[in-house]
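One structure below.
The values are calculated or read from the model by the stated rules, or taken from the named source; none is laboratory data. Because the structure is a prediction, the values reported are computed rather than measured. Cβ atoms come from the backbone with ideal geometry, glycine included; neighbour counts cover every protein chain shown.
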């Protein structure tokens, strides 16, 4: 009887109490809400300053955020905003997919093979120093003024940050890890898959975040050049009719799209870099 009572007491002491579990869940939710509030506080401050400064110290022609929202709602009701947004998103999706793939292949080849680095690195560095605006007339001559020109300009933009970060990530892998893996009999493919690629992933994700941001910047440059549909056309049209509310609306849309792509990469980082135990701030 005594043994049974002791066993019951031990079971009850090791079983988590419902109120303790609910408190831990509530604490996790509250900490996430606090973190979300901190993350959005900077944007809230910007919006408040913008609202206070509109038609004032920001200039008499600067529209308030409420006016920008009204302009956006008018374009949504007519369906015009979705047409331009879909055209721009399509160009960016195609251009970034191809450009990032090219940058990954070139960076991986240069990082893994010295021969590839000797061949590829010099042309990449030369092209990297050319500003996007300088490529616009050349690309118009080559591809015309249609979507091919715009997509080609977007393709070029993300190649360089991806290439540099993939190369740096691979070359930054600890040599002792590589030597230990080779001593265990790992082949070249297994070495790349199990050691080099995971160790280079943090740097690769940095390049991916940079590439996505540069891709949206390239879209702005491309769509400011003779385009019949897209966010750039919407901005040019608003400029012709002095619709500053629509101009600011397009700028806000560009900013939101860039923020969403950055959040997407951060989610990928949490998914694929869960093993990382580096310093994350205090």
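Okay, here's what the table says:
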{"read-out": "Residues of segment 61-79 satisfying the condition of being assigned to a helix (DSSP H, G or I) and touching a helix residue (DSSP H, G or I) at 6+ places or on another chain (Cβ under 8 Å)", "value": "65, 66, 67, 68, 70, 71, 72, 75, 76"}
{"read-out": "From the options 136, 156, residue that is crowded, with 20+ Cβ neighbours inside 10 Å and touching a residue at least 12 places away in the same chain (Cβ under 8 Å)", "value": "156"}
{"read-out": "Pick from segment 136-146, criterion touching a helix residue (DSSP H, G or I) at 6+ places or on another chain (Cβ under 8 Å) and under 13 Å from residue 221 (Cα atoms), ranking: modelled with the lowest pLDDT", "value": "136"}
{"read-out": "Test: residue 252 is farther than 30 Å from residue 166 by Cβ and part of a loop (DSSP other than H, G, I, E, B)", "value": "no"}
{"read-out": "Residue match in segment 100-110 (condition: over 18 Å from residue 218 (Cβ atoms), at pLDDT 90 or above, in a helix (DSSP H, G or I) and more than 23 Å from the chain's Cα centre (by Cα))", "value": "yes"}
{"read-out": "Within segment 161-234, helices (runs of 4 or more DSSP H) holding 3 or more residues that are surrounded by fewer than 15 Cβ atoms within 10 Å (Cβ to Cβ)", "value": "175-183, 188-191"}
